[in-house]
Amino acid sequence: MDKRSFLKGLALVGIGSSFKSDSIDSLIRSMENKSALDLATDENYWEAIRSHYRLKPDYINLESGYYNILPTSILEKFVEHVREVNYQGAYYMRTVQFENKKNMVAKVAKIAGCSTDELVLTRNTTESLDMIIGGFPWQPGDEAIMAEQDYGSMLEMFKQSANRFGIINKVLSIPNHPQNDDEIVQMYANAITAKTKLLMIPQMVNITGQILPVQKICDMAHSKGAEVMVDGAHAFAHIQFNIPDLHCDYYGASLHKWLSVPLGAGILYVRKEKIKKIWPLIAESDSLESIGRLNHIGTHPVHTDLAIADAVDYYQNLGPEKKEARLRYLQQYWTTKVRGIGKIIINTPKQPERSCAIANVGIDGIKPSVLAETLLKKYQIYTVAIDGANVHGCRITPNVFTLTKELDVLINALKEMS
């Protein structure tokens, strides 16, 4: 059997449209007595979960970090929401949407472990964090600290703020293989001065998947009088945590990644006492103490907001612990089989607790763009090339619909190419 036929065979289970929304409930109930770690290696179970997705048969999708394909049940409900909003028209927009949005905030706040008066819905992480950067009460000479591995859109916003407000940006570089948490914490600590007002840190580095010791960094920064903004784009609904436990001041994430909400939904968390100091992106009449003042984005696709409830229900039914265990198992499955072989370079820490689904792999002597192109054209594996910020390789991001036999194709491809 050739590779293309192999791929189409893998995808057939996800092509049908006869999915029943209650099937996952019965499937999960049948595995209630199985631990998350035991279930992580149960290929039959995850092949059944895979059947809840409609997957393109032309390639193995290992780029779930950008956008998380929706399970069929969420997709179908999303279409129903589009139809209902269109059916009600202006009546919905002028009346019902506001209460529904509050309900969606409550659903997300529950899994985020925070109060609803500290959380708003946005359109993505970039909007959430750029609102903090652009709305921060900067004074000339104030300092901000970030890393070259941070997401480009926020780095550009800091550059604009430097030109606009006269702030000074200090750009650090996160080591791909830190010895311990203290190395990371001390790196940020060494950069802080009396003029430092804000740190931006990734909870999970978007190009390598490395998980940072966020709480330790926040506690250190606060002891020195600085505030911390966390980019949680790749962590939220990927690994388990409560936002308040991170001890950060500001937190942004996209819900279209690991929560499987349709495109156009994100969150912004602001500690209650910090709300009044941030200028909103668009002026709002709410009081200075209300987080609603940071949430005026005009007319927007409200049917996406409605799908949040469906995505949260799916996530909770699947089980956060079981999802995280499976994703970490998948990453460790392939990285442990190629780490240290030939010219293969893994740009993600080896310790399991320092990463989850995402990892980055390069091959010495092969440009990341060529590596990505070869993986797609020769091996029918779709991923993304990263070439900068001390990271040179392809980001590999499996999902709950990924099977180990697909990762075997990646493993063999890397061994052949190295």
Residue in region 344-371 that is farthest from the chain's Cα centre (by Cα), counting only those that are over 18 Å from R326 (Cβ atoms) and of a type in the set (A, V, I, L, M, F, W, C) = I366
Somewhere in region 115-125, is a residue over 22 Å from the mean Cα position of the chain (by Cα) and either in a helix (DSSP H, G or I) or crowded, with 19+ Cβ neighbours inside 10 Å (or both)?
-> yes
For region 25-43, indicate whether the set of residues that are modelled with pLDDT under 80, farther than 18 Å from T402 by Cα and crowded, with 16+ Cβ neighbours inside 10 Å is non-empty.
-> no
Looking at region 342-355, is at least one residue touching a residue at least 24 places away in the same chain (Cβ under 8 Å), crowded, with 20+ Cβ neighbours inside 10 Å, closer than 30 Å to L39 by Cα and among the small types (G, A, S)?
-> yes
Could you look through region 52-77, keep only residues that are buried (at least 20 other Cβ atoms within 10 Å of the Cβ) and of a type in the set (A, V, I, L, M, F, W, C), and pick out the one that is farthest from P262 (Cα to Cα)?
-> I60
Tell me, yes or no, whether region 52-62 has at least one residue that is modelled with pLDDT of 95 or more, in a helix (DSSP H, G or I), within 23 Å of R395 (Cβ to Cβ) and among the charged types (D, E, K, R).
-> no
Unmet criterion (only one of (1) buried (at least 19 other Cβ atoms within 10 Å of the Cβ); (2) touching a Ser or Thr at 6+ places or on another chain (Cβ under 8 Å); (3) hydrophobic (A, V, I, L, M, F, W, C); (4) farther than 24 Å from L246 by Cβ) for V85 | (2)
Are any of the residues in region 97-113 in a helix (DSSP H, G or I), free of Cβ contacts under 8 Å to residues at least 24 places away in the same chain, buried (at least 20 other Cβ atoms within 10 Å of the Cβ) and under 22 Å from the mean Cα position of the chain (by Cα)?
-> yes
Out of T383, T374, T336, T404, which single residue is under 17 Å from the mean Cα position of the chain (by Cα), outside the structural domain of Q203 (by TED's automatic domain parsing) and among the β-branched types (V, I, T)?
-> T383
When residues of region 134-190 are limited to those that are among the hydroxyl-bearing types (S, T, Y) and in contact (Cβ under 8 Å) with a residue 40 or more places away in the chain, the one surrounded by the most Cβ atoms within 10 Å (Cβ to Cβ) | Y188
So which residues in region 206-231 are in contact with a Lys or Arg (Cβ under 9 Å, 6 or more places away or on another chain) and polar (S, T, N, Q), if there are any at all?
-> N206, T208, Q210
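The values are calculated or read from the model by the stated rules, or taken from the named source; none is laboratory data. Quantities reported herein were computed from a predicted structural model and do not represent experimental measurements. So basically every Cβ, Gly included, is an ideal-geometry build from the backbone, and we count neighbours across all protein chains shown.
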